[in-house]
Structures are given as C-alpha cells and as structure tokens.
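So the structure is just underneath, and the comments pick up after that.
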Amino acid sequence: MLCGASQGGPTVNPIQAGIAFATALALAAAAPAAAAQEETPERTEKAKKPRLEMRATPRMSFAPVSVLFTAELVGGDDVEEFYCPEIEWDWDDGGKSTHEADCAPYETGTRIERRFTAQHSYDQAGVYTVKATFKRTGRTFLVNNVRVTVRAGLGDPARDMTP
C-alpha cells in the first residue's frame, strides 16, 4: 500500500514519488555525458590536421625576378604536433633552403604559427615547381607546391642567343 498511513508508515504522495523517480532517471542518464565532457579533445579524438596552402608573388614574370613564397596552415587544431615546424623549401633550380624555428617549449593552449614566407630569385627562364615540406621531430607532416613561370628577360642567356 503506497499511502501506508493505516499501516503506521509515512504517507507518500504518488505525484511526488513519480517526480522524484523521473529526476533520478534523468540524473543517471546525464552522468556519463558529463564525464565525457570533462575529457580533453586530444584524449578522445585525433587532432585535426591543417592543410597547407601555397602562394607565389608574382607567379609569372621576366628574368631576373625575386619571388615571395607564402606557405599557410589553414584549419586544423592548435596542438603540439603542428607547433614550430622545420620547413624545407625546394626551389626546383637545384637549390634548397631550410627554415629551423627557435621556439619556446609548447604549452597547452599555445596558438601555432600559421604563415611562413621565403624569398628566392630566378635568373633564368623556366617553369619552376617550388615545394615546401613541413616537418616536426624529423617527421614530414605536410607537403605542397606552387608553380612559377619565368620568361626570358634582359640579360637572360636564353634571350641573348641569336640564330
């Protein structure tokens, strides 16, 4: 008997008992969700990798020309895996350059640098495919390239040749 006043026990209101039961069920269902929210994204899922976009300015010119290259990390998470990369630039003219950053140790919440630039000069006509390779702790994590067209200009040996 729920309303056991005649049995000598406490009197229980059926509506209050139903509300208490529903509240207990709701709290029990919410407990696993609250525990999952306390975990950091790095523990529950793999960090999202940024993509590497490349630009060259100018993309077409006459020799000799100095070209500014921009490599930019777009999207992805600000996590240690992408922090303070070593960048190898392959100029496609037989030359390479390496940029080794001198960064403070990574701390959780540190924003990663996303834009890197380098300049290179071309003295001869040609189509050059410049490649940037991003590495961290000796491991390559991103590679992309951009094409530059250099036409024969004043002083270019290819232009000075007469038949």
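None of the figures in this text is laboratory data; all of them are computed from the coordinates on show. If you're wondering where the values come from, they're calculated on a predicted model, not measured in any experiment. Here Cβ is always computed from backbone atoms with ideal geometry, including for glycine, and neighbour counts include all displayed protein chains.
Observations
- Loop-located trypsin sites (Lys or Arg not before Pro) in region 96-140 (DSSP state not H, G, I, E or B) with no more than 12 neighbouring Cβ atoms inside 10 Å: Arg111.
- Length gained on full extension, His99 to Lys135, computed as 0.36 nm times the residue gap minus the Cα-Cα distance: 11.9 nm.
- Only lysines eight or more places from Lys46 in sequence, or on another chain, were considered; those with a Cα closer than 26 Å are Lys135.
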